[in-house]
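A.B. asks: First, the structure itself, so that you have it in front of you.
FYI, it's all coordinate maths here, none of it is from the lab. Note that the coordinates shown come from a computational prediction; the quantities given were computed from them, not determined experimentally. Every residue, glycine among them, receives a Cβ derived from its backbone with ideal geometry; neighbour counts consider all protein chains shown.
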Amino acid sequence: MIPVALILLTSLLFPGIVVKVKALVSGRKGPGLLQPILDIIRLLRKGNVYSNTTSSIFQIGPTIYFATILFCMFFIPFGDTSGLISFHGDLLLFIYLLGLGKFFLILNALDAGSGFEGMGANREALYSMLVEPAFIILFGTFSMMAGYDSFYGIFAHWHLTSGSYFVLSLLAAYILIQIAMIENSRLPVDDPKTHLELTMVHEVIVLDNSGFDLGLMLLANAFKFGIFGALIANFILPEHQLLWIRALIFIGVIFLFAVIVGLMESFRARLKMEKNPQFILTLSSIAAIAFLVALIISNKLL
Amino acid sequence: MITPDQMGFVKIRNQETIALRNVPVLQYDQFYQSVSSLLLENENHCVNYYAYPIDGQLKFIACIANDKDSTIAVGSHEMPLHDRRELKSLSKEFFPMHIFEREIHENHNVNFTDHPWLKPVRYAYNRSDKSKVISTYPFYKIESQELHQVGVGPIHAGVIEPGHFRFTCNGENVLHLEIQLGWQHRGIEDLFLKKTSLIQRLVLTESIAGDTAIGHCLAFAGVMESLSDTKVNTRLELERSIGLELERIAMHVGDLGNMNIGTAYQLAASVFGTLRTPAINYTQTWCGNRFGKGLIRIGGSHYALTTELIDKLEKFLIKFEESFEPMCAHLFSLPSALMRFENIGKVSKKQMELIGAVGMTARMAGIERDVRLSHPFAGYKHFNITSDLLENGDVWARAYLRKLEIKNSIEYIRDLLARLKDFNEVIPKPKSENELSLAPDSFCLSLTEGWRGEICHCAITDREGKIIHYKIKDPSLHNWFALALSLRDLEISDFPINNKSYNLSYCGHDL
């Protein structure tokens, strides 16, 4: 229960921290830390508006998306304490649950029947497809190093004792941060702040969703960030420490991640749309390099 | 004595009034030939060509500016109102004329044969053929199973002004963009005749394009002062130029901010956004309105630049440069920003010549076209300016040209302020309506260079010196086509950055 509680807690503040960092960096005061989550609460208290052209897919899509993300949260361990659910190969289920959520998000967009949403769905599908190999190669590598194929197994046997583990953790943190940015449709592949349908990826998909459904989707996005933050935190979490110290480190890492996201979004422009696939594929290449390094370290090459 | 030259056209200077009888009336064949031979010269471009009904005749007036000798050739032709109205199109050979002929076609039901693109311009409420409505606009179609169309607008995503953009796409790539305007039509030119008091007309002028209030007002003032033979003193002329350059700085820096919102580069977006505020706030300190409404009045000014104001202006410029310079240096060397600017939405010099681009849209593609330089008005008569020219024709060129023009404008203002010291004349209060008696039966043309480009106002008076026809041309009328051309073979997601890089006026086009 500990990781789920911590992720829930940090997720609620995550969007607020990102917005605050971006505001402070550009010389504004910015809204309060709780503002994004208050907005979500406001949306959750509203009803939905459904267009006549939509079918039941449009109505269940957001709920399924939210459910898959919530489900994913249960897999995340807390150092050497396992998550709520843990079994052999659970990380594959984790990846495909994320995929399932995306799938319904895309169906939801296509169902709305708008010219823009089809365009956004098309882009989102391409990017999630391209980002998958990076994630699988990365966790495949760790699985090989640790000799276990579940999140709990990997993290329980991951010790930052030797230099090589440290380097691999750094690489993992980099790739996971970038994957999280892509999965959450942030810079440089997407711009969550744009109001221009033609340049949107994720934002345009939820253009026709309103009220409760939109609230669920925004909440799911916040949770997603929390989940990826928790994955990164697990690499760094020291063992044999008091529980509350570890909990603080866990929370600290996720908040640091939020600050990094805010900073990354402040000092660069987004990519040209056609460069996005190239950028995402680079992540897979970096993951492949991590895999080679792991092979060499563990003397499995040749 | 004004005599027509060998082309049969009469030459006047910017903001000069001539008697209507001195504007030669040619046969259409001869008119066609004269316009052709004029437009064949590189330094000539058409600044206005329009028609208006008078005494049972439809009178066409063409004004062709010569950028080298600062003259404007004016000629006309007539046809009976009830004639079967058909003319040979000039656009086929001289495409820059396309928009004028389309406008005449729409307003007066004149059929131009062989016109390559005879489409409605703005669906004016008093157009000749009311059966043509905005919902039946003849969009260019490409039939294919593989292509799809994306329609954007008329409601803008940022709820600014209305316009409809129809993209024909092959996947993410745009094959063709067609821009359909006219949603904002207010009938300004007609209101100009109905609202006869001076203050009403001034307010109307200020709302032709709200972000170019000073530019348009200067053009109107040029017309009124020329028609009423009102001389303004040099100090006022210099101060007017300062106002115009301030408007340029404020709008350009705001556009730079908007372009960076488009690329999601937050730092530059907020720095330029914050710089726009003190710029327009200074205009407010000066004349009480952030967009310079009320600053330009006929024959005088309510708001003379006092020493205190000059002092504030100098301080503002220094503070402005302090943030502007380093931010530009950073922006134009940041790879992620340059990637979104360079080679995006590229147009060629040839294309811009063909559509008759004006102002910065022309200058970013290598065409030297600047009214301040070629047909000096207001303070520009008293000092030399240099016009910056870029040749890339892409988003980068449009961003960088803004940077160069802002820097130049700052220098001009400093230069103008220095000159002000030599002219200590008292600036008179503006003339009231009764003090202005306009020349009867006259034609006057006034060109100014607003921040978007060439603004052209033409007025015609009747026997009693009343304005019976007023023609307004905003630079956007020409330049919208440039945006459509920029999108050719570009990703549809690059449309917003291109649109922001031009920042054309919807209401200026729709009138």
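A.B. asks: Fewest to most neighbouring Cβ within 10 Å: what's the order for B:125, B:412? Display every interim value, and only then the final one.
C.D. replies: On the way: B:125 11, B:412 23.
Ranked by crowding around the Cβ, least crowded first: B:125, B:412.
A.B. asks: Which helices count as membrane-span-like in chain A under these terms: full DSSP H, at least 30 Å along the axis by C-alpha, Kyte-Doolittle mean of 1.0 or more?
C.D. replies: Span-like helices in chain A: A:2-25, A:90-112, A:211-236, A:243-266, A:276-297.
A.B. asks: Now, a different point. Select from chain B the helices, each a whole stretch of DSSP H, whose alpha-carbon atoms run 20 Å or more along the helix axis and whose Kyte-Doolittle mean is at least 1.6; answer none if there are none.
C.D. replies: none
A.B. asks: Excluding residues fewer than 8 places away in the same chain, name every one of the lysines whose C-alpha is closer than 28 Å to that of residue A:46.
C.D. replies: Correct list for residue A:46: A:20, A:102, A:193, A:224.
A.B. asks: Is the C-alpha gyration tensor of chain B telling us rounded, prolate or oblate? Criteria: a/c under 1.5 is rounded; beyond that, a/b larger than b/c is prolate, otherwise oblate.
C.D. replies: On the way: a/c = 1.70, a/b = 1.04, b/c = 1.64.
Oblate shape, in that a/c is at least 1.5 and b/c is the bigger or equal ratio.
A.B. asks: Apply 1/(1 + (r/R0)^6) to the Cβ-Cβ distance of residue B:302 and residue B:195, taking R0 = 22 Å, and write down the FRET efficiency to the nearest 0.05.
C.D. replies: My answer for the efficiency is 0.60.
A.B. asks: Let me ask another. Taking each pair of distinct Cα atoms in the range B:359-411 once, what is the resulting Kirkwood hydrodynamic radius in Å?
C.D. replies: Answer for the range B:359-411: a Kirkwood hydrodynamic radius of 11.4 Å.
A.B. asks: I would also like to ask the following. Consider all pairwise Cα distances in chain A and report the whole-number % of them above 23 Å.
C.D. replies: Numbers: 25507 of 45451 pairs.
Distances greater than 23 Å cover 56 percent of the Cα pairs.
A.B. asks: Give B:403/B:473; B:68/B:92; B:11/B:293; B:195/B:231; B:381/B:429 a once-over and call out the pairs whose C-alpha atoms are over 30 Å from each other. Don't jump to the answer; show the numbers that get you there.
C.D. replies: Numbers: B:403/B:473 26 Å; B:68/B:92 26 Å; B:11/B:293 33 Å; B:195/B:231 25 Å; B:381/B:429 22 Å.
Beyond 30 Å: B:11/B:293.
A.B. asks: To the nearest µm²/s, what D does Stokes-Einstein give for the range A:88-159 at 4 °C and 1.567 mPa s, using the Kirkwood radius over alpha carbon pairs as Rh?
C.D. replies: Values: Rh = 13.7 Å.
For the chosen part, D equals 94 µm²/s.
A.B. asks: What is the distance in Å between the Cα centroid of the range B:304-369 and that of the range A:1-42?
C.D. replies: 37 Å
A.B. asks: Of all GluC sites (Glu not before Pro) in the range B:131-211, which ones are in loop regions per DSSP and have a Cβ with at most 12 other Cβ atoms within 10 Å?
C.D. replies: Here the sparse-neighbourhood loop sites are B:143, B:146.
A.B. asks: Then there's this: Using just the alpha carbons, could you tell me how many Å³ per residue the convex hull of the range B:199-292 encloses? If you can, show how the numbers build up before the last one.
C.D. replies: Numbers: hull volume 8.7 nm³, N = 94.
Taking only Cα atoms, the range B:199-292 has a hull volume of 92 Å³ per residue.
A.B. asks: Can you grab the distance from the C-alpha centre of the range A:199-226 to the C-alpha centre of the range B:445-509, Å, no decimals?
C.D. replies: 39 Å
A.B. asks: While we're looking at this one, here's another question. Would you kindly calculate the translational diffusion coefficient of the range A:1-158, applying Stokes-Einstein with the Kirkwood radius from alpha carbon pairs, for 4 °C and a viscosity of 1.567 mPa s, and quote it in µm² s⁻¹ without decimals?
C.D. replies: 71 µm²/s
A.B. asks: Additional query: For chain A, with only Lys/Arg (+1) and Asp/Glu (-1) charged at the beta-carbon, what is the dipole magnitude about the Cα centre, in debye rounded to 20? Can you show the working numbers first?
C.D. replies: Numbers: 18 positive and 18 negative charges, 162 e Å.
Dipole about the Cα centre, nearest 20: 780 debye.
A.B. asks: Need one number: convex hull volume per residue for the protein assembly as shown, Cα atoms only, in Å³.
C.D. replies: 185 Å³
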